[in-house]
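The values are calculated or read from the model by the stated rules, or taken from the named source; none is laboratory data. As the structure is a computational prediction, the values presented were derived from the model and not from experiment. FYI the Cβ positions are ideal-geometry reconstructions off the backbone, even for glycines, and counts take in every protein chain you see. Heavy atoms of the whole protein, side chains included, go into the accessibility calculation; ligands, DNA and RNA do not. Shrake-Rupley method; radii C 1.70, N 1.55, O 1.52, S 1.80 Å.
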Amino acid sequence: MTLAEFIAALEALQSEASRVFAGVQSKEDLEEARVRFLGAKKGAFREVQQQLGKISKEDKPQAGQQLNKVKKALAEALENATDSLKEKDSGSDSPTPDPTLPGIPMDLGHVHPITQTIEHLKEIMGRMGFESAEGPEVEGPWHNFVALNIPEDHPARDPLDNFYLATAGATAGEEGSQLMRSQTSTVQIRVMEKRQPPIRIVSLGRVYRPDAPDATHFPMFHQMEGLLVDQNVTMANLKTVLRVFANNYLGSDVPIRFRPSFFPFTEPSVEVDFLWNDQWIEFGGAGMVDPAVLTAVGYDPEKVGGFAFGLGVERLCMRRHNITDIRDLYSGDLRFLSQF
Ligand code: PHE
């Protein structure tokens, strides 16, 4: 056998072996290939190796070198095939995905009960022709007090009873200062400043008062403000609107009571109570718009008049859903909130 024949046999062996090892799919394939090429007795390598004796003395060193090269290459091919089979095995240990299993349910959020209440109240009032109006939560003394006939020395303007903001160059309560509005009556003024009667609006939004939280108080809460300005408006109209509203939101069996009271921006004024567990509970205030307010926005109190009311949204929601602690609404506890 010539050196060239020997090398050709080695090359054929190596290319065949690398093809077979690369195609190994299972442990059985691997063992079969190992025996076929590297078997100690009848392996293909062994067979070529045995031909070395037939190579001439002077060609032997070169033939031996080639032989070792191919031996190394075959050992490597075996090792690679073993490794890649192991990788494949560890992968197939994990179970085949079952596409028919139910997926992991995703929890969608839902609308907060107070937001639901606001939408419901707007809808009821909308059916009586009250359109929804909005105003800012940060206000100045004009809209929160002055135009509402609340004089400078009135206790409602006390810095201790309001959230004034630190405003450069202005003392709390004075013109130029700012506060988180303490009532939605501010929106009455904003609407009347912009429009002429007839006016029929509700405004639902947040108000802020530095009250210590307890079962019925929270430093932020919501009010529903109502305002109707037109000719020949009477207190009977006010009572009818609130009765119809209560029929729709709380039920026609819920008694309502007007209790004489005082607000600087209404005359006469009443507190609005609803019966709740055999007790009269205050839900807000109401009354006939004070002529001083109509004058402040440039209306003629001899020609137009109106009524206004402000009701606590949380209290209405609590009355309807039998919630006993306002703090539950703002705890962020989903076990509570998910009930609505
Ligand atoms: N703004 C009053 C309050 O905060 C409620 C009210 C509104 C009273 C409108 C009369 C008329 O409590």
- Item | Index of the failed condition, residue 253 passing every other in (1) within 16 Å of the ligand (Cβ to nearest atom); (2) modelled with pLDDT under 95; (3) of a type in the set (Asp, Glu) | (1)
- Query: Restricting attention to the range 175-196, does a residue exist that is at pLDDT below 95, open to solvent by less than 50 Å² (accessible area, probe 1.4 Å) and either in the same structural domain as residue 319 (by TED's automatic domain parsing) or within 16 Å of residue 147 (Cβ to Cβ) (or both)?
  - Reply: yes
- Note on the structure: residue 221 fails exactly one of (1) closer than 27 Å to residue 328 by Cβ; (2) in a strand (DSSP E or B); (3) open to solvent by less than 10 Å² (accessible area, probe 1.4 Å), namely (3)
- Message: Any residue that is more than 11 Å from the ligand (Cβ to nearest atom), in contact with a Pro (Cβ under 9 Å, 6 or more places away or on another chain) and not charged (D, E, K, R) - is there at least one of those in the range 230-245?
- Response: yes
- Please identify the pairs in which a residue from the range 305-331 that is open to solvent by 30 Å² or more (accessible area, probe 1.4 Å) has its Cβ atom under 7 Å from the Cβ atom of a residue that is within 16 Å of the ligand (Cβ to nearest atom), counting only partners at least 6 apart or on another chain. 315/283; 319/274; 327/218; 330/218
- Could you pull out the residue among 101, 30, 13 that is open to solvent by 50 Å² or more (accessible area, probe 1.4 Å) and farther than 30 Å from residue 247 by Cα? 101
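With 56, 18 as the choices, which residue is in the same structural domain as residue 78 (by TED's automatic domain parsing), touching a residue at least 40 places away in the same chain (Cβ under 8 Å) and in a loop (DSSP other than H, G, I, E, B)?
Values: 18 fails: in a loop (DSSP other than H, G, I, E, B).
After ruling out the rest, the residue left standing is 56.
A quick yes/no check of all residues on (1) within 12 Å of the ligand (Cβ to nearest atom); (2) part of a helix (DSSP H, G or I); (3) under 28 Å from residue 307 (Cα atoms):
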{"position": "156", "(1), (2), (3)": "yes, yes, yes"}
{"position": "169", "(1), (2), (3)": "no, no, no"}
{"position": "186", "(1), (2), (3)": "yes, yes, yes"}
{"position": "193", "(1), (2), (3)": "no, yes, yes"}
{"position": "197", "(1), (2), (3)": "no, no, yes"}
{"position": "202", "(1), (2), (3)": "yes, no, yes"}
{"position": "207", "(1), (2), (3)": "yes, no, yes"}
{"position": "214", "(1), (2), (3)": "no, no, no"}
